[in-house]
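Single-structure report; data block below.
The values are calculated or read from the model by the stated rules, or taken from the named source; none is laboratory data. Remember, it's a predicted structure, so these values are computed and weren't measured experimentally. Here the Cβ positions follow ideal geometry from the backbone for every residue, glycine too, while neighbour counts run over all protein chains shown. Each accessible area value is taken on the protein alone, full model and side chains, heavy atoms only, with ligands, DNA and RNA left out. Shrake-Rupley method; radii C 1.70, N 1.55, O 1.52, S 1.80 Å.
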Amino acid sequence: QGQLVESGGGLVQPGGSLRLSCVASGFTFTIYYMSWYRQAPGKERELVARIFTTGAITNYADSVKGRFTISKDNAKNTVYLQMNSLNSEDTAVYYCNALMERQYWGQGTQVTVAS
């Protein structure tokens, strides 16, 4: 049974940085793309960034463009989210997502931006 496991969340001050990691393990299907979503309290889950396995095409939400960078290591089946210039509106649970024969989700990692 495959799984996505996130790590790297935590508490950071405004203006700070965090790097999230997501490892996909135990899957036998081709991964077409991997994404990071987030969900803040009382809000719907939203797409933050996506990277395609081939070609490394990336997409970002307007709210994170220029601050967040998604990258991948295909050999390790790992996707990263480098988050810089964090502010309170980035506080949320961040979820890793992968599209294979269906969508898969990680368990989420909390990111809290507060002074």
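What percent does the relative contact order of the chain come to when contacts are Cα pairs within less than 8 Å and at least six residues apart?
Here the relative contact order equals 37 percent.
If you sort the three axes of the alpha carbon gyration tensor as a ≥ b ≥ c, you get a/c of 1.5 or more for the chain and a/b above b/c, which makes it prolate. Here the accessible area of the chain is 48 percent carbon and sulfur, with a 1.4 angstrom probe and all protein chains present.
Dipole of the chain computed with +1 at Lys/Arg Cβ and -1 at Asp/Glu Cβ about the Cα centre; of Val48, Asn77, Tyr94, farthest Cα towards the positive end is Asn77. Once C-alpha pairs closer than 8 Å and six or more residues apart are averaged by separation and normalised to the residue number of the stretch 1-52, the relative contact order reads 29 percent.
Taking the Cα centre of the chain as origin, sum charge times position over the Cβ atoms of Lys and Arg (+1) and Asp and Glu (-1), and report the length of that vector in debye to the nearest 20. Walk me through the numbers before you get to the answer.
Details: 10 positive and 8 negative charges, 26 e Å.
The calculated dipole for the chain is roughly 120 debye.
Please give the contour-minus-distance gain from Gln13 to Arg67: 0.36 nm per residue of separation, less the Cα-Cα distance, rounded to one decimal in nm. Kindly include the intermediate steps, with their values, before the conclusion.
Details: separation 54, 0.36 × 54 = 19.44 nm, distance 1.50 nm.
Stretched fully, the Gln13-Arg67 segment lengthens by 17.9 nm.
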